[in-house]
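S.K.: Submitted below is the structure of interest, expressed as structure tokens.
Please treat every number below as a calculation from the coordinates, not as lab data. In this text, all values refer to a predicted model and were calculated from it rather than measured experimentally. Using ideal geometry, Cβ is built from the backbone for each residue, glycine included, and neighbour counts are taken over all protein chains shown.
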């Protein structure tokens, strides 16, 4: 029996469309993507607008996300103890490497970067914090996915695989082989899979019970990261090991 309220579910789907779309969307585009009538979409928008979740641009009648979502997002971050707890470790890793350092967490079957320390170099790769993406898409996300159980991995890979560059993994079997290698090594190194010319080095963070729901990654231009690959791997593995240990993990 489905206990979900269809109107609430459709409202949530509508809000999520803005994650991978432009700043503003119109009723027609929302109707097409949601496969709902324009009338139904208009009612959803009016309800969300009344609560501040959506706002309309009076100039073009397009809709954008409202400030209530920003308030809720900030509240989530304030309550997310891992962000505050991991910050000193991320800062130390940033000082050691001078590259961009990111904290990635699992949110159901997706991954989100919830914190980052910018590189000190003038030429650097920009990471969008708070953006949702597939758990097979980045080095940090795969470092989480590799240590989830088989049913979880099956669920993630049951959807159509999104590709981002010509070098992205395209088949579930390829991703599974990659995940097995991550489990064997205890870390992930990848270049060009999410962004051409960029290398990511990541390792998992273990909770006290041994589960993995977060990871730390070093991200930078490939030509600058590759000469320091061995030391960067060592630094990120040591960092996540320290965070895991401080959280009560004693498995390794």
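S.K.: Taking a ≥ b ≥ c as the square roots of the Cα gyration tensor eigenvalues, with a/c under 1.5 meaning rounded and otherwise prolate when a/b beats b/c, else oblate, which class fits the range 1-102?
M.R.: Prolate, since a/c reaches 1.5 and a/b exceeds b/c.
S.K.: For helix 67-79, what angle does its Cα long axis make with the longest principal axis of the chain, in degrees from 0 to 90 and rounded to 10?
M.R.: The helix 67-79 is inclined about 30 degrees to the chain.
S.K.: Can you put 25, 91, 15 in order of Cβ neighbours within 10 angstrom, beginning with the fewest?
M.R.: 91, 15, 25
S.K.: Now for a separate question. If each residue of separation counts as 0.36 nm, what is the full-extension length gain between residue 230 and residue 19 once their alpha-carbon separation is subtracted?
M.R.: Net length gain for the segment: 72.4 nm.
S.K.: Taking R0 as 35 Å, what's the FRET efficiency between residue 31 and residue 167 from their Cβ-Cβ distance, rounded to 0.05?
M.R.: The computed FRET efficiency comes out at 0.45.
S.K.: Further, regarding this structure: Calculate the spin-label point distance for residue 223 paired with residue 181, positioning each point 7 Å from the Cα along the beta-carbon direction, and give it in nanometres.
M.R.: 2.4 nm
S.K.: Determine the gain in length on full extension of the stretch residue 110-residue 242; use 0.36 nm per residue of separation and subtract their C-alpha separation, reporting nm with one decimal.
M.R.: Length gained, residue 110 through residue 242: 45.0 nm.
S.K.: Quote to one decimal, in nm, the extra length available between residue 69 and residue 132 on full extension: 0.36 nm per residue of separation minus the C-alpha distance between them.
M.R.: Full extension of this stretch gives 21.2 nm more.
S.K.: Oh, and also: Please compute P(r) over all alpha-carbon pairs of the range 80-246, binned at 5 Å starting from zero, and give each bin as a whole-number percent.
M.R.: Spelled out per bin, shortest first, that is 1, 10, 20, 25, 22, 14, 7, 2, 0.
S.K.: Where the centre of each part is set by its Cα atoms, how far does the range 65-130 sit from the range 14-59, in angstrom?
M.R.: Cα centroid of the range 65-130 versus Cα centroid of the range 14-59: 28 Å apart.
S.K.: Before rounding to the nearest 500, sum -39500 (n - 2.57) across all DSSP H runs of length at least 4 in the chain and divide by the residue total; then give [θ] at 222 nm in deg cm²/dmol.
M.R.: Per the formula, -14000 deg cm²/dmol.
S.K.: How high is the relative contact order of the chain, in percent, counting Cα pairs under 8 Å that sit 6 or more residues apart?
M.R.: So the answer I get is 14 percent.
S.K.: Moving to a separate point now. Report the paramagnetic label zone for residue 174: residues of the range 192-224 whose backbone N is under 13 Å from a point 7 Å from Cα along the Cα-to-Cβ axis.
M.R.: So the set is 192-194.
S.K.: Separation between the residue 5 and residue 154 pseudo-spin-labels, each 7 Å from Cα along Cα→Cβ, expressed in nm?
M.R.: 3.3 nm
S.K.: Between residue 95 and residue 42, what is the FRET efficiency for a Förster distance of 51 Å, r being their Cβ-Cβ separation, to the nearest 0.05?
M.R.: Once rounded, the FRET efficiency stands at 0.45.
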